Amino acid sequence: MFWIDLTQQARDIRKAFGQFSSSKTQVCNTLKPVEIEFDAQEDVLEATQSVDFDKGDVIIKKSGIYLVIAGPQIAKLRGARNRWIDFWLRVNNVDLPNSNVRRVLTDSQEKDVIPMNAVCPLNRGDTLNIMMAAETEGEGIGIEALQPDGEPTIPSIILTLVQLD
Amino acid sequence: MSSSLSAKKQIHKSLLTKTLLVFFIFVSSTFFIHMSFGATGERDASCHVLEISEHCDLSGIGHLVYGDLIVGGVLALFFHHLAHKNQVRIDKIISSNEDHRLKRKDFAVFHLKSQVTAMLFNLGRIKKTAEFYNAAVKSDYHPLTLEEKERTWKIRTLNERIKFEEEKLGRLLDVVRSTLVGAQDVLEPEVVMQTDGVITFVGEMVIEEQQDGMMEFVKYAVSKKKVLYLLEKLKSYSATMHTFKKVEENIEKELSASVYPNAT
């Protein structure tokens, strides 16, 4: 009875949302912008979900204003020089203005999460991508997925989308 | 020719009516004003200042009041007539503009629908041609044989075909964009934005040649999905109501059809 009520309540909520993550380490092997790919979507009361994904493309199914929050787990595999890495949003293959964030990494011991957030209008069928670009291509700069003992997986990125209106 | 003549006749007629009306107002107003100021003060004391009867002369004030009433009434009627006429004309213009707007909207949606369908067809052709091209590249290499001649011909022809289809897609996108620009004042902003998003996305797509010589139509599945969403929106347009129906309801159906195979 409890579950039936919960599902009913969830169906009454008409706002779209979605949470995506990646359990793969992705590094910048080129100096060109790289699209971050996802491999999992959290299945929270699936009836209310209205955001889809295909590798790196997050596809919006309901028009509205969206709050986008992404947390890439950045890392550097080799080298000891300061190198920057940038992350930004792209909508319909066009970069979203003022959405870029930068972090400088020195060595492979450094691990950090840099939050990205944006509010943007998205229409049904729009695609959203999280892009990254690094200063150099040979030092394994990118996002890293970790598997600590006795703890949940640390995904290389977590992306959350919530429809505001 | 005959219509311009009748229009001229009508203009003359209305001018004559207006001139006569103005002349009548001028004469009547000046007459009553003169009468009122020219009225003598020798009146019976028992007569009221505004009294109208056989044994009482009309007083100066009476002339003024009654004169003003008539002139005011005539003027009010005249202005009311003009205002009504103008209002009718304005209503006609508004209604014809609205009809025109709806016709443009219908036309734009109809054209967008056919152009987007053509775009979808073109995307499919590119994808299929790229597959044929890849199959030809993958096929066995036989030097100096008839099979090799055919293989080379296939690769060359299909490569040209892909380029031709790409150019065609570019032209189609231009046509959709110009239709959108021409109709953006009559279409809903949501539809304009969605169409613009599809054009931008498809316009940025590339057919990449891989290191192994294969052609890859990058993001074909996503672009097809986007185009289908747009088509779904355009198909929801009702030519009788001139509005788009809500299509969000279909999400539930899509969800029940398990479109999240990768969900954890």
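The values are calculated or read from the model by the stated rules, or taken from the named source; none is laboratory data. Note that the structure is a prediction, hence the values are computed from the model and not measured. Heads up, the Cβs are rebuilt from the backbone with ideal geometry, glycines too, and the neighbour counts pull from every protein chain shown. Accessible surface is based on the protein model in full, side chains and every heavy atom, while ligands, DNA and RNA are left aside. Shrake-Rupley method; radii C 1.70, N 1.55, O 1.52, S 1.80 Å.
A few points about this structure:
- Of the residues making up region A:143-157, those that are in a strand (DSSP E or B) and surrounded by fewer than 19 Cβ atoms within 10 Å (Cβ to Cβ) are A:L146, A:I154.
Conditions tested, residue by residue: (1) open to solvent by less than 60 Å² (accessible area, probe 1.4 Å); (2) among the aromatic types (F, W, Y); (3) in the same structural domain as B:E166 (by TED's automatic domain parsing); (4) touching a residue at least 24 places away in the same chain (Cβ under 8 Å).
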{"residue": "B:S46", "(1), (2), (3), (4)": "no, no, no, no"}
{"residue": "B:I70", "(1), (2), (3), (4)": "no, no, no, yes"}
{"residue": "B:H80", "(1), (2), (3), (4)": "no, no, no, no"}
{"residue": "B:D106", "(1), (2), (3), (4)": "yes, no, yes, yes"}
{"residue": "B:K128", "(1), (2), (3), (4)": "no, no, yes, no"}
{"residue": "B:D140", "(1), (2), (3), (4)": "no, no, yes, no"}
{"residue": "B:L144", "(1), (2), (3), (4)": "no, no, yes, no"}
{"residue": "B:K149", "(1), (2), (3), (4)": "no, no, yes, no"}
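- Failed item in (1) free of Cβ contacts under 8 Å to residues at least 24 places away in the same chain; (2) crowded, with 17+ Cβ neighbours inside 10 Å, with B:D99 passing the rest: (2)
- Residues in region B:186-221 that are outside any helix (DSSP H, G or I), touching a residue at least 24 places away in the same chain (Cβ under 8 Å) and more than 20 Å from B:E160 (Cα to Cα): B:V186, B:L187, B:E188.
- Taking region B:226-246 as the range and being without any contact (Cβ under 8 Å) to a residue 12 or more places away in the chain and touching a strand residue (DSSP E or B) at 6+ places or on another chain (Cβ under 6 Å) as the test, only B:S236 passes.
- Among the strands (runs of 3 or more DSSP E) confined to region A:89-142, the ones with at least 1 residues that are open to solvent by 50 Å² or more (accessible area, probe 1.4 Å) are located at A:101-105, A:111-113, A:116-122.
Residues checked against (1) modelled with pLDDT under 85; (2) more than 9 Å from every other protein chain (Cβ to nearest Cβ); (3) in contact with a Cys (Cβ under 6 Å, 6 or more places away or on another chain):
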residue	(1), (2), (3)
B:L172	no, yes, no
B:Q194	no, no, no
B:V206	yes, yes, no
B:Q210	yes, yes, no
B:K226	no, no, no
B:A239	no, yes, no
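- Residues of region A:53-79 that turn out to be open to solvent by 10 Å² or more (accessible area, probe 1.4 Å), assigned to a strand (DSSP E or B) and facing chain B (nearest Cβ under 9 Å), as a count: 2
- Single match in B:V192, B:V175, B:V202 (criterion: open to solvent by less than 40 Å² (accessible area, probe 1.4 Å), under 19 Å from B:F121 (Cβ atoms) and assigned by TED's automatic domain parsing to the domain that holds B:T117): B:V202
- When region A:84-102 is filtered for residues that are of a type outside the set (A, V, I, L, M) and either within 14 Å of chain B (Cβ to nearest Cβ) or in contact with a strand residue (DSSP E or B) (Cβ under 6 Å, 6 or more places away or on another chain) (or both), the ones remaining, listed by number, are A:W84, A:D86, A:F87, A:W88, A:R90, A:N92, A:N93, A:D95, A:S99, A:N100, A:R102.
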